[in-house]
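Accompanying notes for the structure given below.
Throughout, read-outs are computed from the coordinates displayed, never taken from laboratory work. These numbers come from a predicted model, not from an experiment. Note that we place each Cβ from the backbone using ideal geometry, even for glycine, and neighbour counts take in every protein chain shown.
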Amino acid sequence: MNTSIRRTLKTAAAASLTAGLLAAGAAAASAHVTVDPSATSEGGFTKLTFSVPNESETAKTNRLEVKLPTDTPLTSVSVKPMDGWKAQVVTTTLPKPVDVAGATVTKAPTSVIWTADPAHQIGQNEFQTFTLSVGRLPAAGTTLMLPAAQDYTDGTTVNWADAAEAEHGHASATSSASSSSAPAAEAEEHHPAPSFVVTAAETAEGSATATPDAAPAGSATQAGASNGSQAAGWIGLVAGLLGLAAGATALARTRAVRK
């Protein structure tokens, strides 16, 4: 094979490999711990599924702690069992009493901790899901932030606790750093906390409560319909009698002519 062709093929292969590695690195860097709620309605219960990717190239994820809100406490928290992972719901005294559905709450679950045995730790290019059932959700419009601490077997911890709004500021800072002489690597890495926004309470279809005036109006409508039906019945009866009389008159006339 021509030497120049070989060099061209080697160069192309190297370029493809480099692009693949860069893409893999970008994917790893963009992976976040996220939460997917099954429902978000005010006053309801929901299943929270946390997706946790392993981002280390040398260590495994062996522990996850999710912190629960204390200003809008979730008074009911239960954990879905997982093979190889031990879960602990931590209940503590709240910083200050909170009114929940008319009751004063002073203690509530404030965190959930999962710990893996060596055979079930999250390895490279792997992720795991952790599920909670919680309730009741606070008022509509509330942003529930659920900071997570991800521990690795090499002793490092990644705290997913940044506010979502910080991501835009981080992007601007990165752009500024790139445009200046400072390297982009010096920009602080953003670790957004898992979060979601509570929505308005759902109502069952067709269960809207009637106003006080609605019942009389409905009764009047039914009475009107009943009266209309009775009037139509009387009109039909009169028309029938008139038809019968006309028939009898015609018959009499026919008999008279024949005579």
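Computed quantities for the displayed model
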| read-out | value |
| --- | --- |
| For residue 72, residues with placed amide H under 5 Å, excluding near neighbours | none |
| Residues with amide H under 5 Å from that of residue 111, placed H, sequence gap 5 or more | 68, 90 |
| Point-to-point label distance, residue 127-residue 106, nm (Cα→Cβ direction, 7 Å offset) | 4.3 |
| Segment residue 57-residue 80, length gained on full extension (0.36 nm per residue, minus Cα span) | 5.4 nm |
| Under 26 Å between alpha carbons - lysine pairs in the stretch 25-152 that sit 8 or more apart or on different chains | 13 |
| Under 5 Å, built H, 5+ apart or other chain: amide partners of residue 121 | none |
| Cβ-Cβ FRET estimate between residue 93 and residue 157, R0 fixed at 30 Å, reported to 0.05 | 0.75 |
